[in-house]
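Participant: I have a structure here, written as structure tokens, and I will follow up with some questions on it.
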Amino acid sequence: MSWSPIPVVPIIRHPDAPASPRLQYFAGKPHALAFLADGSLVVGASRNLTLHDPEGPTPPRAALELGGAVEWMMAHPDGESVLVAVRNARDSAMLRVWPATARIVNLFTEPSFGWQFTGNLNPDGTRLIWRRNGQPPTLRTVDVATGELLTEFALPQDTNGTQTMAVRPDDAVYIKSRPSLLIHPDGRMEEATDTGFFEPFFATTGAVMSTCGRRYIRVDDKLEESGRLPESASGGTISHDRRWLTFYSLSWVQVWDALARSVVFAVNRHGVYGQHPWWRGQYAAASTTHLAAIDHRDATVAIWRIGQPDEPIARLTDYSQGAQRLMFHGDGKCTAHTCQPPNTWTSLMEFELATGAAKMAQIAHIVDMARSSDGQRTIILHEKHRADTLSVSELNPDAEEVSSVDVQRAGGTIAMSPNGAVWGVVTHAYPKDHHAGYTAQVQWRPFGAGKWSKTVKLKGIWQHIVLCDTAAAIMVGHELVVIALAKNKTLLTVTLPEEAEAIAISRDGAHVGVGCRDRQRLVHVASGTITELEHDIPGERQWPKAVAFDEHGTSLFVGFPCGAITQHRVLTGALTATLRGHHDEVCALAWHDGHLWSGSQDGTIFQWGELA
């Protein structure tokens, strides 16, 4: 185990403004790729849209702020513009963008497109056909020049979950359902196929290509499989001229020539394996001369020349996977646990706040981490030797293992007290009887101790542990327990109406903040008083993934999936501010050096300016 250098983290300084980001680390996260007719590469990312020469992509030819994160993009047949779906903390919008001239047309807005926008252009590019979530969902056709709604038809309820559709030259639409459907321009619906592998995204008059790489032809008014790509796929993109279909998975990228009906170029991106990253967007695109693909190991965009698959000719490296844990330590450094899935690749990163100089620990399979404020100790919860166990390992500043303890196999989080004296872990085991409930095991001990100071078993599967210098706060299922570290005395036991996505304890141990799935709560430990926190985020259920107190315990911060952060006064629970800057889920919150810091699935880490 050791550190390896990685590209310098870009640092972007924003104008000073109250309740706004002051510093931004990383340019964001790439989500969608497309090529224009002149061969230029368009990268749609969480913070902007950029235009690049694939032979010399840095710096970009143009960079456009779109007011949100790109979650879907498609090249228009004019070869000069792209259709872009963007989301921010308030709403979502469909834009038509001409990157070279910076022209932007807002076609329509929606409260939300759901998990990801689902739509496709008709072959001549005059109409955008998309699925609008709802009860029931509907199929909408929009004029691409004006945004005018032309038609709308109700769809079966299960199409709320479909992620692709294909449009024929006559504007009939293939969409996955049970069974999959062909929807004519007048709204008539007929069964297309009953195969479970049908995820249509490209159609001609007599054939359909599915995102998994299967090709179907129309026989007697039904689709029958007629072949498939050499390697399986999970998504695809269509070039502006509908000649090149780019199929991608976590490893292979294949370019299909729609005229020759054959794969003309393929790249195996070795090393990308394990859990799917679940990034919104399209991961690869091709032109006549180049292929570009997002590398989920490090959030870079790799570019190849068609016909030269051995090595990329260039990479865009200013991006990040996002951070789900931020630990500040030493002389101006931060250790971040990236949002990389734990069984996929390395994810423990350290960077200097002043210069952006960065390095990555060569340790894979990390589930969670914590680091002491002096930077001398790091603990990681990770898959180490056996497939049926997790281990907690202590690392020195060189990322070398000092000690290790095996714990239960399933899930879990770890915590370290702010003074660096005690660490704790919560995990659970899979029950032998599938009908039995889960039991979580919570344990903690001082550094250097040979045995656990305390072991607590609680029924449930959703588990959290946080430590202050004097107490441990544990939440498993609906039950919140606070225990004093000195004598292991239980200070509080309370049952909440909902399970939690995140918890935090104030530095003095007086309050626990709980991000429940239905709403957020502030619990006073001494009295057991529970204050329900009000906010102005739309929607009934928010599923917040991060909560944190400031250093004095006067403010509580809650991070939401939409990218917003709320600030609450601890004494009253009152909402004092709603911070909007991230364009995707807020996964990490921390207070350091008098400032709030946040990490997000949008790939950025923010230091916030002055707060109320």
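Participant: What number results when the radius of gyration of segment 107-240, computed over Cα atoms, is divided by 2.2 N^0.38 Å?
Facilitator: 1.00
Participant: Another question about this same structure. Near the amide H of Thr427, under 5 Å away, which other amide H atoms are found, from residues 5 or more places off or on another chain, if H is placed in the peptide plane?
Facilitator: Those lying under 5 Å, H to H, from Thr427 are Gln441.
Participant: Taking square-rooted eigenvalues a ≥ b ≥ c of the alpha carbon gyration tensor, is segment 125-177 rounded, prolate or oblate, where a/c under 1.5 means rounded and, failing that, a/b exceeding b/c means prolate?
Facilitator: Judged from the Cα gyration tensor, segment 125-177 comes out oblate (a/c at least 1.5, b/c at or above a/b).
Participant: Okay, moving on. Apply the a/c threshold of 1.5 to the C-alpha gyration tensor of segment 59-109 and tell me whether it is rounded, prolate or oblate.
Facilitator: oblate
Participant: Moving to a separate point now. Would you tally the net charge around Glu110, using a Cβ to Cβ cut-off of less than 14 Å, leaving Glu110 out, and scoring K and R as +1, D and E as -1?
Facilitator: In short, +2.
Participant: Also: Under a cut-off of 22 Å between alpha-carbon atoms, report the lysines in cross-link reach of Lys222, not counting same-chain residues fewer than 8 places apart.
Facilitator: List returned: Lys176.
Participant: Which whole-Hz couplings ³J(HN,Hα) result when phi for each residue of segment 519-532 is put into the Karplus expression 6.51 cos²θ - 1.76 cosθ + 1.60, θ = phi - 60°, listed in order with x for Gly and Pro?
Facilitator: 6, 9, 9, 10, 10, 8, 5, 5, 9, x, 5, 10, 10, 7
Participant: Would you mind getting me the FRET efficiency between Thr289 and Gln362? Use the beta-carbon distance for r and R0 = 30 Å, nearest 0.05.
Facilitator: 0.25
Participant: Any chance you could check the Cα centroid distance between segment 328-373 and segment 431-454 for me, in angstrom?
Facilitator: 26
Participant: Expressed as a whole number of Å, what is the distance separating the alpha-carbon centroids of segment 85-144 and segment 191-270?
Facilitator: So the two Cα centres are separated by 23 Å.
Participant: With percent of Cα pairs over 48 Å apart as the read-out, I listed (1) 21; (2) 33; (3) 16; which label goes with the value calculated from this structure?
Facilitator: (3)
Participant: Here's something else I'd like to know. What is the magnitude of the charge dipole of segment 216-260 about its Cα centre, with +1 placed on the Cβ of each Lys and Arg, -1 on the Cβ of each Asp and Glu, and no other charges, expressed in debye to the nearest 20?
Facilitator: With Lys and Arg at +1 and Asp and Glu at -1, about 140 debye.
Participant: Under a crude label model (7 Å from the Cα following the beta-carbon direction), how far is Glu231 from Phe447 in nanometres?
Facilitator: The modelled label-to-label distance comes out at 4.4 nm.
Participant: Here's something else I'd like to know. Would you give the gap between the C-alpha center of segment 488-520 and the C-alpha center of segment 574-599, rounded to a whole Å?
Facilitator: Centre-to-centre (Cα) distance: 19 Å.
Participant: Sticking with this structure for a sec: Given points 7 Å out from each Cα along the Cα-Cβ axis, report the Glu152 to Asp170 separation in nanometres with one decimal.
Facilitator: Taking the simple label geometry, Glu152 and Asp170 are separated by 2.7 nm.
Participant: Would segment 1-123 count as rounded, prolate or oblate if I go by the C-alpha gyration tensor, calling it rounded below 1.5 in a/c and otherwise prolate when a/b exceeds b/c, oblate otherwise?
Facilitator: oblate
Participant: Next question, about the same structure. Please list 96-105, 112-121 highest first by mean number of surrounding beta-carbon atoms within 10 Å per residue.
Facilitator: So the order, starting with the most tightly packed, is 112-121, 96-105.
Participant: Next question. Expressed in nm to one decimal, what extension gain is obtained for the pair Ala526 and Asp508 from 0.36 nm per residue of sequence separation less their Cα-Cα distance?
Facilitator: Full extension from Ala526 to Asp508 adds 5.3 nm.
Participant: While we're on this one: Give the lysines whose C-alpha is closer than 26 Å to that of Lys333, dropping any in the same chain fewer than 8 places away, or say none.
Facilitator: Output for Lys333: Lys29, Lys359, Lys545.
Participant: Please compute the net charge surrounding Thr289, taking Lys and Arg as +1 and Asp and Glu as -1 over other residues with Cβ under 14 Å from its Cβ.
Facilitator: Combined, the nearby Lys, Arg, Asp and Glu give -3.
Participant: Out of Ile12, Pro185, Trp543, whose Cα points farthest toward the positive end of the dipole of the chain (charges: +1 Lys, Arg; -1 Asp, Glu; placed on Cβ)?
Facilitator: Trp543
Participant: Let me ask another. Ordered by residue, what ³J(HN,Hα) values in Hz, to whole numbers, does segment 348-360 give under the Karplus form 6.51 cos²θ - 1.76 cosθ + 1.60, where θ = phi - 60° and Gly and Pro are x?
Facilitator: 9, 10, 10, 9, 8, 5, 7, 10, x, 4, 9, 8, 10
Participant: Same structure, new question: Could you compute the FRET efficiency for Arg22 and Ile306, with r as their C-beta to C-beta distance and R0 at 51 Å, rounded to 0.05?
Facilitator: Computed FRET efficiency for Arg22 and Ile306: 0.75.
Participant: Taking only C-alpha pairs under 8 Å that are 6+ residues apart, what is the relative contact order of segment 310-416 in percent?
Facilitator: 18
Participant: Given charges of +1 on the Cβ of Lys and Arg and -1 on the Cβ of Asp and Glu, with all other atoms neutral, how large is the dipole of the chain about its Cα centre, in debye to the nearest 20?
Facilitator: 1020
Participant: Quick one: with all protein chains in place, what share of the accessible area of the chain is carbon or sulfur, to the nearest percent (1.4 Å probe)?
Facilitator: The computed percentage sits at 49.
Participant: Further question on the same structure: Using mean Cβ contacts within 10 Å as the protection proxy, how do 458-465, 419-426, 557-564, 484-491 order, highest first?
Facilitator: Ranking, from highest mean packing down: 557-564, 419-426, 458-465, 484-491.
Participant: Amide H of Leu66: which non-local residues (sequence gap of 5 or more, or other chain) have their own amide H closer than 5 Å, using H built in the peptide plane?
Facilitator: Close amide H contacts, sequence-distant or interchain: Leu49.
Participant: Solvent-accessible area per residue for segment 44-147 at a 1.4 Å probe radius, Å²?
Facilitator: 36
Participant: Then there is this: Accessible area per residue of segment 458-612 at 1.4 Å probe, in Å²?
Facilitator: I get 37 Å² per residue for this part.
Participant: Can you tell which of Gly594, Val255, Ala473 lies farthest toward the positive end of the dipole of the chain, using +1 and -1 charges on the Cβ of basic and acidic side chains (Lys, Arg; Asp, Glu)?
Facilitator: Ala473
The values are calculated or read from the model by the stated rules, or taken from the named source; none is laboratory data. What you see is a predicted model, and the numbers here were worked out from it, not measured in a lab. When we count neighbours, we look across all protein chains shown, and the Cβ atoms used for this are built from the backbone with ideal geometry, even at glycine. All accessible areas refer to the heavy atoms of the entire protein, side chains included, with ligands and DNA or RNA removed. Shrake-Rupley method; radii C 1.70, N 1.55, O 1.52, S 1.80 Å.
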